[in-house]
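Coordinate-derived values only; no laboratory data. Quick caveat, the model's predicted, so the values are computed rather than measured. Heads up, the Cβs are rebuilt from the backbone with ideal geometry, glycines too, and the neighbour counts pull from every protein chain shown.
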Amino acid sequence: MVSLNRREITDDTIDACRRGDREAFRALYDAYKDKVYSICFYYFHGDSAAAADGTQQVFLKLITNIGQFRGTADFSTWLYRLVTNTCVDEARLTRARDARTAKEVVLDSLARPGSQEEDLVRAERARSVQEALSALPSKFRLPLLLRYFDDLSYEEMAVALGCSMGTVASRLSRGHRMLASKLEALRGS
Amino acid sequence: MLRKHQLPSDEPLRDLPLVEAPDSIWISLENALDAGEKPRGRHRFGFPIWQPALVVASLVVVAGVYWRSIRGTEPQWNVDRLAGIPSIGSEPIDRTGRMKEGQWLETDASSRAVIHVGTIGTVQVDSNTRVRLVTARSTEHRLALARGRIMASVTAPPRLFFVNTASSTAVDLGCAYTMQIDDAENGSLQVTLGWVSLEWSGRKSLVPAGASCQTRHKLGPGTPVFDDAAGSLKRAVTAFDFEKGGLSALDTILAASRVRDTLTLWHLLARVDGNDRLRVYNRMIALAPIPNGLVPAKVLQLDPQTLQRWREELAWKW
């Protein structure tokens, strides 16, 4: 799992955001921006422009709708629900972009000419995982990304994805199997 | 290639680096906020589409307002008669009826009915059953089962549908299940699809498909057991939970457990102390090794995150 120095978001921070406090919003943005961006980045096949656009939409929705967050769910679950909806909506609106092959975009964003050998090996591994991930249908891609980047529980993922816990478990299971099989094919070729 | 029942792993995803969000996003965000920009909606329509769409939407709104005005705004659920003559309040249902918050639906020995739970599912009400509609809101759908048997089938995100009984609350996590309560307010839950969380006074039992859980008046939910578990294990669990079965019951449970029965053992971890907890833990790791990264000491200290993580790994075997 990714480990991060995640800043604790308190009820006070959220209240301040509701009052329009830009500093509080910045604190909230800083706490989650890399995770949100990473999920968008890998969801949109490594397309950094789409990821930046998606991330901006997520935080714009967050600040516009924060009055609707009643605190009955964990804040991060609510945020990831916005991420999920935004990714699905943006992909629907930009089908042409979504249809770009993973390979061409990933090469742009992950390969770093001139880096050390170790970095190159790591980039190569990341490239193959990204390529395999990109080949998965989005309904399997999203649960895997939510699980990996914020280690959400099944229940939290079910709320974020708007489906049942059983569906989350089965999509994760199938997603993992499909990912392993695609990776095996990629690495064997 | 992963084989059936082999633990799936996040390992390949570990090769994906966290990507730092570029600074330009915050700058664009501030500009958007300063300009009063709104986020994009779910759908964007071009000029030729939005005008007729607006007309249609207006007609729908007017029709909706009219419909609500003639039917009243009080939340209520539709009920269909399946057999005999069920009643809502004291009124018998002919073919269909409507149930308001606070009203009881009652069936006798020869009647059955089905309740439509808003738009998220249905509840079949068996004979000799008494059930009340507590809350009918889009964010909370709640029934109270006083006596009898219901079969619920709900397709919704977790924690939208609840069934209260005198000794537990069944919290739907997206599932199908049967719940029954007798006149002594003892009951049982049997899950056929998905998961149900059975909760009462801080005690919680998570019941997956294929498993059941008993509840007892003033004691709350017991420990979940798979329906295909050994009879000796099922009897020992009942004795342990409700009959002061103690050590002898625990010995039987540990001896009769299969890999799948780590469901029962996982719940027992928090329901026994000291040396008994260590015995349960040792039996669990003999059946299914503890996943990499989990610290045994934290399991024994009942660290919530560690227990949750282990449960979710074990769930692949349940």
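Observations, loosely collected:
- Size estimate for segment B:250-318 follows the Kirkwood approach: the inverse of mean 1/r over distinct Cα pairs works out to 11.8 Å.
- Förster radius 56 Å - calculated FRET efficiency between B:Lys218 and A:Asp119 (Cβ-Cβ, nearest 0.05): 0.35
- Debye intensity ratio I(q)/I(0), log10, chain B, q values 0.07, 0.09 Å⁻¹ (C-alpha model): -0.43, -0.67
- Evaluated at q = 0.14, 0.26 Å⁻¹: base-10 log I(q)/I(0), Debye formula over Cα of segment A:115-189: -0.50, -1.12
- Average partner coverage of A:56-65, which counts Cβ from other chains inside 10 Å: 5
- By the rule of a C-alpha distance below 19 Å, with chain neighbours fewer than 8 residues away ignored, the lysines paired with A:Lys182 are A:Lys103, A:Lys139, B:Lys4.
- For the pair B:Arg14 and B:Leu278, the difference between a 0.36 nm per residue extended length and the Cα-Cα distance amounts to 91.8 nm.
- Listed values for segment B:157-163 are Karplus-derived 3J(HN,Hα) couplings in whole Hz (6.51 cos²θ - 1.76 cosθ + 1.60, θ = phi - 60°), namely x, x, 6, 10, 10, 10, 10, and x replaces Gly and Pro.
- Calculated from backbone phi, Karplus (6.51, -1.76, 1.60) coupling profile of segment B:256-262 in Hz, x at Gly/Pro: 8, 6, 9, 3, 5, 7, 4
- Average projection area in nm² (convex hull over Cα atoms of segment B:172-291, one quarter of hull surface): 7.6 nm²
- Nearby aspartates and glutamates by direct alpha-carbon distance to A:Lys33 (threshold 17 angstrom, same-chain neighbours under 8 apart not counted): A:Glu8, A:Glu23, A:Asp47, A:Asp53, A:Asp150, A:Asp151, B:Glu20, B:Asp23, B:Glu30
- Eligible lysines near B:Lys218 by straight Cα distance, threshold 18 Å, same-chain separation 8 or greater: B:Lys204, B:Lys244
- Remark: mean inter-chain Cβ contacts per residue of A:162-172 equal 6, using a 10 Å Cβ-Cβ cutoff to other protein chain atoms.
- Test item: B:195-205 mean partner chain Cβ contacts at 10 Å: 1
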